[in-house]
Structures are given as structure tokens and as C-alpha cells.
Amino acid sequence: MKVTVSRKAHFNAAHRLYNNDWTDARNAKIFGKCANPNFHGHNYELIISVKGEIHPETGFVMDMKVLKQLIHEEIEEQFDHKNLNEEVAEFKTLNPTAENISVVIWQKLRSKISAELELTVTLYETPRNFVTYTGE
Ligand code: NI
């Protein structure tokens, strides 16, 4: 029997979507307003889900206090009120799309959570646009 527990989190961050190998015109065509050289911000909403067996002694899949602290240290402290392109090492050479941000978040958390637990990252870039990464 496996149960999924989830924790919501939030960060505000700025980014610019841009491919260095392309002309400004092509970047503008593909990324639209998101290619704005002056950056723009999003209110990112994050859901971290952990799936696994219920531990017989605690009744927990994972201690949510631990998960909360992990998200705070590894994600919120690193991303909140940052310019992702310029201040977060992973995005120096990686376009900070919602897809890539969700993969980076997954990678940051994976090694900190017991390997028996499945990890899913869901990231909302807007209330209607969101991406999911499960490590595949
Ligand atoms: Ni954007």
C-alpha cells in the first residue's frame, strides 16, 4: 500500500527565456514577452509530492516537518526573490523554463529524500500553466 503526501510552497522569481544561439528576432518569435531583455517575474507555486509505504512506527510516509524544512533550505532560500538566469548557478547555461526549473528542483531534492520514496515535482508558473516532473 502506497500513499502520497504533498507539501505546497511558493517563491517569486524573475527570469528571461532566451537561446544564445539564436538571433534576437527568433528569440522574440519563440519566447514572446518572456524573451524581454529586462526580465520579468512570476509567482511560482510548487507542490512536492512523496509517495511510499506508511512507516509502521510513525504512521507517516515522511515527516512533513522534515519535508517543509528541506523545501525551505533547498528551494525557497535558493530561488525566492532571485533572478534565476543571473543568480542561480543551474540556469547560467540552462533556459529557466518551467520545465527546466521543475527538473532542477527535483534534482536538488532527490538526494535528500529516502531512495524508497518516489518524488514528484509540480510547478505552477501561472495559475493555469503548470508542469510535472517525476524523474523519468
Ligand atoms: Ni516567464
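What follows is calculated from the coordinates using simple rules that are stated; it is not laboratory data. Given the structure is predicted, the values throughout are model-derived calculations rather than measurements. No Cβ is skipped: glycine too gets one built from the backbone with ideal geometry, and neighbour counts run over all protein chains shown.
Couple of notes before you dig in:
- For region 2-43, the candidate set comprises residues that are within 16 Å of the ligand (Cβ to nearest atom) and aliphatic (A, V, I, L, M); within that set, the residue that is nearest to Glu118 (Cα to Cα) is Ala13.
- Test for Glu99: is it closer than 14 Å to Leu123 by Cα, within 13 Å of the ligand (Cβ to nearest atom), acidic (Asp, Glu) and under 19 Å from the mean Cα position of the chain (by Cα): yes
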